[in-house]
Every structure is written in structure tokens, then in C-alpha cells.
Amino acid sequence: MSWESQGLLPWENQTTIVEFVLRGFSSNQQLNIFFFIMFFAFYILIISGNILIVLLVLFTQHLHSPMYFFLVNLPLLEICYTSNIVPKMLLIIIAQQKTISVAGCLAQFYFFGSLAATECLLLAVMSYDQYLAICQPLHYPFLMTGPLCIRLAVSSWICCFLLTAITVVLLSRLTFCGPNEIDHFFCDFTPLVHLSCMASSLTEIIAFTTSSAVTLVPFFLIAASYSCILVAILRIPSRTGRRKAFSTCSSHLTVVTVFYGTLITTYLVPSANSSQLLCKGFSLLYTILTPMFNPIIYPLRNRDIHEALKMCLSKKAAFLLSCCKEEKLDICPGDKELD
């Protein structure tokens, strides 16, 4: 007897699954050990590098400005972002704990989507800050005030978490009845929808609309801001002035290029290729390499951060040197008495 003759939909007589299996990268244990060591080292670099940026900005007085207030948000975001994905990925690789509950999978996707969208908005806000600083320098202190900075940052976080919640609520209403294997190392939207045995067209349309709103709109705002910035820089008569103005925004522009470059590569290039291994490789660009590059880009490309880091290291070296001298002075009198 068919499902239709019983008045049932195809999924209504099937067992609803309560957990997914994340397949990860490989079933070869030796290869998994190599992956574990490499990704664990990357994770330590991401956490320590981003914490260093936060501490530098917090404890360096001349970095207490709107630009660096927004900059602090990015390392905090990257720490949360990678900590949402990498620890579970390491367990999958080394401990073979591949299962994740449906609720846990949805929660992982929720934080992944929310934090990625928040980064898009924060990069747009930072580009607006750069626009005001370079194109309207005389009005900048009055336009980019402390309360406005806080409102822009907080609204970026809240807006993206609320928009992603809509997609997650719709996903949670879907029924998953098997198979329960996700050929990935984390819970992303497309694999989850493919495992649903219900019609998901509405969920996909709403997810596409919200993701487009928080990625394409900020991208166009960033493009517009930097178009105006480029025109303003070219109008500066002196070469030194042009170089100084460009160095102010070069680090942010580099981060934007890396972020959107990996984003486009991850979600557009694999769609034209059926290789899931290639898809995982591109996803690593977005989930691990980009958060690791940001703490490297800012000290190298931003003169203020570079100087603050150099000052911090020199103070640390001077402190260690003074400690060594005091130790020697304490040891010497004792040595003389022994003689």
C-alpha cells in the first residue's frame, strides 16, 4: 500500500533522526593525525594572535579611537567564530567522535552564520569610518562620536543574530529522517537542507534573501566607500600625503579583499564542481585561514599597530633584562663571600 493511499507524506512513516554524523576529512588515521596537529597549531595561532590584537588596542592609549574600537570587534568575532567550529572538528579528526545532535548542529550553524554575517556588517562600518576619516577629516570628530560607534557595533551584532535566527527556526521545523551523514567537517546550510525529507523551498528562499542582505549590501557599501576614498587620495597633491592616507586604510582593504575573496571562492567555485573534497578545501579558507591572516595583516600593514607591538616587545625585553641584572647582583655578593 502506497503512502499516498494512506494519506501520508513520504516522510511521515519514517523514523526521525536525532543526530548527524560529520564525516570530516579522511578515514586514514595517520593522515588524521597530521590534520589534527596542523589544525590545532592554526587554532592556537588564531586565538593567541587575535587576543594579542585586542590587548594591544586596550592597553595602548593612542589606539583609543573609533577605528580601533571597530577593529577590536573583529578579533573577538574571529575567536568566537573559530571556537564554534575548530574544537568539534578536532574531535572528529582525532577522537573519531563524529556524531552531533540535531540541536547541536543547528546551534553550530546559527553561530557560524551569525558571526560570518556580523563580520560583513562590521567591515562595512569600518569602511564608512575610513571614508569619514579621509574624505571629511575636519568633520570626523563630530560625525564619528563614541555613542555612535557603540550603536553601530552593537546593531551589527544584534541584527545579524536576529536575521540568522529566522533561518535556523525554519530549519528546526524541517524533518530529518535519513540518511544522517553530512560529508563535511561542520554543519552548513546546504548539507542540512539536502538531508531534509520535507519541502524546503521556502527555507531556501528566505535563507538566500537574508544572506544576500548581509553580504551583498555591505559589499556594495564597502565598494562605494573605497571609490570615494580612492578619488580623495588621488586629489592629494603630495606623494607623501597620498602614501600616508593610503596606509591608513590599506590594512582594512586587505582584510576586506581576503574575506570576500575566500567567501566568493567558498560558495561560488565549488557549486560548479561536484567534488566534495574541493568544497571542504575551500571551506577551510573561510573558516581557518582568514581568521589566522587577520592578526598578521594588521601588525604588518597598520603603522600604529606595528609601532604599538614594537613598543610592547621592547618594554618586555627591557623588563627581562632588568630582571636578569638584578639576579646577577643578588648572586655576585654571595659568590664573593664564598671566595
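Between Val18 and Phe161, take the C-beta separation as r, use R0 = 41 Å, and let me know the FRET efficiency to the nearest 0.05. Don't skip to the end; give the middle numbers.
Numbers: r = 26 Å, r/R0 = 0.63.
Once rounded, the FRET efficiency stands at 0.95.
Each of Val169 and Arg242 was given a label point 7 Å from its Cα along the Cα-to-Cβ line. The distance between the two points is 5.3 nm. Extending 7 Å from Cα along the Cβ direction at Ile51 and again at Cys80 yields two label points whose distance is 1.8 nm. In terms of packing, defined here as the mean over residues of other Cβ atoms within 10 angstrom, the peptides 99-110, 32-43 line up highest first as 99-110, 32-43. Could you tell me the calculated FRET efficiency between Ser201 and Ala107, based on Cβ-Cβ distance and R0 = 22 angstrom, to the nearest 0.05? Calculated transfer efficiency: 0.35. The length gained on full extension between Leu143 and Ser26, counted as 0.36 nm times the residue separation minus their Cα-Cα distance, comes to 36.8 nm. When you restrict to C-alpha pairs under 8 Å that are six or more residues apart and normalise by the size of segment 19-311, the relative contact order lands at 26 percent.
Shown for segment 19-311: lysine pairs separated by 8 or more places, or found on different chains, whose C-alpha atoms are under 27 Å apart, numbering 4. What separates the Cα centres of segment 172-226 and segment 52-97 is a distance of 24 Å. With the simple spin-label model, which puts each label point 7 Å out from Cα in the Cβ direction, the Ser250 to Phe220 separation comes to 3.1 nm. Computing FRET efficiency as 1/(1 + (r/R0)^6) for Leu230 and Thr257, where r is the C-beta to C-beta distance and R0 is 22 Å, gives about 0.95.
For Phe20, the residues 5 or more places off, or on other chains, whose built amide H falls under 5 Å of its own are Ile100, Ser101, Val102.
Laboratory data are not the source of any read-out in this text; all were calculated from the coordinates shown. This one's a predicted model, so the numbers in the text were calculated from it and none came from an experiment. Every residue, glycine as well, gets a Cβ built from its backbone with ideal geometry; the counts of neighbours run over all protein chains shown.
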